[in-house]
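Each remark here refers to the structure printed beneath this line.
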Amino acid sequence: MAESRTGNIYWTPPNVTINGIETDKLLSFIFWLTTFVFFATQTVYIYYLIKYRRRPGVKAHYSHGNNTLEIIWTTLPTLIFLGLAIYGNRVWYNIHRPPPEDALNVEITGYQFAWDMRYPGASGILARSDVRNITSDNKFGIDITDPHAKEDFTTTELVIPVGRAVHVFLRSRDVIHAFYVPEFRIYQDVVPGRTIAWVWFRTLRQGNFQLACSQLCGKGHYNMKAPIRVVSQEEYDKWYAEKIKKPNIVVGAPEVALQMSSN
Ligand SMILES: [Cu+2]
């Protein structure tokens with residue numbers, strides 16, 4: 001069961017990843033900047049509304065513009081937006097820099113209406129895959145001539161060791177879905193025919209979370225979710241050791257699957 005929220009429900013849920021720290025700083029910065037600008041401009045607006053209201057005996061003054069003011073209120077917002085663009089771009093770059101060598105590779109494939117995870121065997125390398133190989137017995141479209149194909153295993157929950165870099169390869173078997181984990185501060189559309197390979201993260205603490213599809217994808221969209229468990233390294237090792245005993249990616253002997261995928 002995913003954790004239920006206890007803190008401020010009017011703000012984002014607590015962040016659980018390292019990349020999320022930067023995202024949150026950017027969010028807070030923009031929030032407080034726009035809050036300040038909102039109140040500052042509204043205060044001036046209301047002040048002048050009252051000060052120059054219609055009064056008997058006071059004649060209206062017709063202004064034909066003020067170049068100095070025009071320059072100031074054009075330049076200032078331009079600089080602010082430019083600064084935000086540079087700041088946001090830097091955060092984006094930091095989050096999307098290449099994952100470390102020792103990252104755990106996991107494929108996450110969405111379909112109407114659930115998620116399948118694919119873990120590599122002891123080698124840590126996922127077998128090659130291609131949409132054209134997808135059959136009812138080979139739901140990841142694995143290239144079964146790849147020796148790693150025999151080691152991969154699949155699960156319906158995402159289990160990851162806390163603190164370890166996790167590199168997710170996002171795919172879809174049918175329509176556009178979205179990988180969205182609010183506590184991880186990650187939102188990424190998954191697109192059929194493509195493997196999105198630029199998302200990775202490192203968790204800060206253990207806990208139970210939920211992966212929920214965030215792209216309206218059909219009548220079962222509301223229920224398209226998968227549990228995420230962030231566990232200790234020891235617990236992960238135990239779970240993983242159990243799982244690699246029975247690789248279960250391709251049903252049947254490789255020859256059978258090969259015949260099926262060529263049909
Ligand atoms: Cu979906």
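For the chain, what does the convex hull of the Cα positions come to per residue, in cubic angstrom? Please list the in-between numbers first.
Values: hull volume 49.9 nm³, N = 263.
Spread over its residues, the Cα hull of the chain gives 190 Å³ apiece.
Tell me, in nm to one decimal, what length is gained between HIS61 and ASN248 on full extension, where the rule is 0.36 nm per residue of separation less the Cα-Cα distance? Working shown, then result.
Details: separation 187, 0.36 × 187 = 67.32 nm, distance 8.11 nm.
Gain on extension, HIS61 to ASN248, equals 59.2 nm.
Taking the solvent-accessible surface of protein heavy atoms with a 1.4 Å probe, what is the per residue accessible area of the chain in Å²? Can you show the working numbers first?
Working: 16480 Å² over 263 residues.
Computed with neighbouring chains in place, this is 63 Å² per residue.
For GLU70 and ASN8 in one chain, what is 0.36 nm times their gap in residues minus the Cα-Cα distance, to one decimal in nm?
Numbers: separation 62, 0.36 × 62 = 22.32 nm, distance 4.09 nm.
In short, 18.2 nm is gained.
Can you give the FRET efficiency for ALA40 and GLN210, using 1/(1 + (r/R0)^6), R0 = 35 Å, r = Cβ-Cβ distance, to the nearest 0.05?
Values: r = 40 Å, r/R0 = 1.13.
The formula returns an efficiency of 0.30 here.
Based solely on its DSSP helices, what 222 nm [θ] is calculated for the chain when runs of n ≥ 4 H residues each add -39,500 (n - 2.57) and the sum is averaged over all residues, nearest 500 deg cm²/dmol?
On the way: 4 runs with 84 residues, N = 263.
Estimated from H runs of four or more residues: -11000 deg cm²/dmol.
Go through the stretch 83-98 residue by residue and turn each phi into a ³J(HN,Hα) via Karplus (6.51, -1.76, 1.60, θ = phi - 60°); whole Hz please, and just put x for glycine and proline.
x, 5, 5, 5, 4, x, 5, 5, 4, 4, 4, 4, 5, 9, 5, x
Please give the charge dipole size of the stretch 18-95, origin at the Cα centre, charges +1 on K and R Cβ atoms and -1 on D and E Cβ atoms. Round to the nearest 20 debye.
Values: 7 positive and 3 negative charges, 127 e Å.
Result for the stretch 18-95 is approximately 620 debye, rounded to the nearest 20.
For the stretch 72-178, which whole-number percentage of the solvent-accessible area (1.4 Å probe, protein heavy atoms only) is attributable to carbon and sulfur atoms? Write down the numbers at each step before the final one.
Details: 3230 of 5260 Å².
Carbon plus sulfur share of accessible area: 61 percent.
Place +1 on the Cβ of every Lys and Arg and -1 on the Cβ of every Asp and Glu in the chain, take the dipole about the Cα centre, and give the residue among ASN208, THR6, LEU158 whose Cα lies farthest towards its positive end.
Of the candidates, THR6 comes out farthest on the positive side.
Report the charge-dipole magnitude of the chain in Debye, nearest 20, computed about the Cα centre from +1 at each Lys and Arg Cβ and -1 at each Asp and Glu Cβ.
Roughly 1480 debye for the chain.
Which chymotrypsin sites (Phe, Trp or Tyr not before Pro) in the stretch 173-223 sit in a loop by DSSP (not H, G, I, E or B) and have at most 10 other Cβ atoms within 10 Å of their own Cβ? Working shown, then result.
Values: sites: PHE179, TYR180, PHE184, TYR187, TRP198, TRP200, PHE201, PHE209, TYR222; in loops: none.
The qualifying sites: there are none.
If you take every residue apart from ALA178 with its C-beta less than 15 Å away from the C-beta of ALA178, what net charge results, scoring Lys and Arg +1 and Asp and Glu -1? Don't jump to the answer; show the numbers that get you there.
Details: positive: ARG171, ARG173, ARG185, ARG194, LYS225; negative: ASP174, ASP189.
Counting the neighbours of ALA178, the net charge comes to +3.
What relative contact order, as a whole-number percentage, does the chain give when Cα pairs under 8 Å and 6 or more residues apart are counted?
Computed value for the chain: 23 percent relative contact order.
Compute the label zone of ASN223 within the stretch 84-115: residues whose backbone N is under 19 Å from the point 7 Å along Cα-to-Cβ.
110-115
Which whole-number percentage describes the relative contact order of the stretch 112-167, with Cα contacts under 8 Å and a sequence gap of 6 or more? Write out the running numbers ahead of the final one.
Values: 70 pairs, mean separation 21.3, N = 56.
About 38 percent, as a whole number.
Have a look at LEU33, LEU104, LEU158 and tell me which one the Gaussian network model of the chain (Cα, springs below 10 Å) gives the largest fluctuation.
LEU33
May I ask you to evaluate 6.51 cos²θ - 1.76 cosθ + 1.60, the Karplus curve with θ = phi - 60°, for each residue of the stretch 68-76 and list the ³J(HN,Hα) values in order in whole Hz, giving x for glycine and proline?
4, 4, 4, 5, 5, 7, 9, 5, 4
Take the alpha carbon atoms of the stretch 106-124, find their center, do the same for the stretch 178-218, and report the distance between the two centers in whole angstrom.
12 Å
Largest first, please: the extent of the C-alpha atoms of the stretch 56-177 along each principal axis, to the nearest Å.
Reported extents, whole Å, longest axis first: 90, 32, 26.
Could you give log10 I(q)/I(0) at q = 0.09, 0.16, 0.19 Å⁻¹ for the stretch 116-239, computed by the Debye formula over C-alpha point scatterers of equal weight, without solvent?
Once normalised to I(0) and log-transformed, intensities are -0.26, -0.86, -1.20.
Say a site is exposed when it is one of the GluC sites (Glu not before Pro), sits in a DSSP loop, and has at most 13 other Cβ atoms within 10 Å; what is then the longest site-free stretch of the chain? Intermediate results must be reported in sequence, preceding the final value.
On the way: sites that count: GLU3, GLU101, GLU157.
Result, exposed sites excluded: 158-263.
How compact and how long is the stretch 23-96, expressed as Rg and Dmax of its alpha-carbon atoms in Å?
Considering the stretch 23-96 through its Cα atoms, Rg and Dmax are 18.6, 64 Å.
If I take every Cα pair under 8 Å that is 6 or more residues apart in the stretch 87-226, average their sequence separation and divide by the length, what percent do I get for the relative contact order?
Working: 281 pairs, mean separation 36.2, N = 140.
Here the relative contact order equals 26 percent.
For the ranges 115-121, 71-77, what's the packing order if you count other beta-carbon atoms within 10 Å of each residue, average per peptide, and put the highest first?
Values: 115-121: 20.7, 71-77: 10.7.
So the peptides 115-121, 71-77, ranked by packing, come out 115-121, 71-77.
Spelling out what I want: for every residue of the stretch 226-236, take phi, set θ = phi - 60°, compute 6.51 cos²θ - 1.76 cosθ + 1.60 (Karplus), and round to whole Hz; glycine and proline get x.
Coupling constants for the stretch 226-236: 8, x, 10, 10, 9, 10, 5, 4, 4, 5, 5 Hz.
The values are calculated or read from the model by the stated rules, or taken from the named source; none is laboratory data. Note that this is a predicted model, so its numbers are computed, not measured. Glycine gets a Cβ as well: all are built from the backbone with ideal geometry, and neighbour counts include every protein chain shown. Each accessible area value is taken on the protein alone, full model and side chains, heavy atoms only, with ligands, DNA and RNA left out. Shrake-Rupley method; radii C 1.70, N 1.55, O 1.52, S 1.80 Å.
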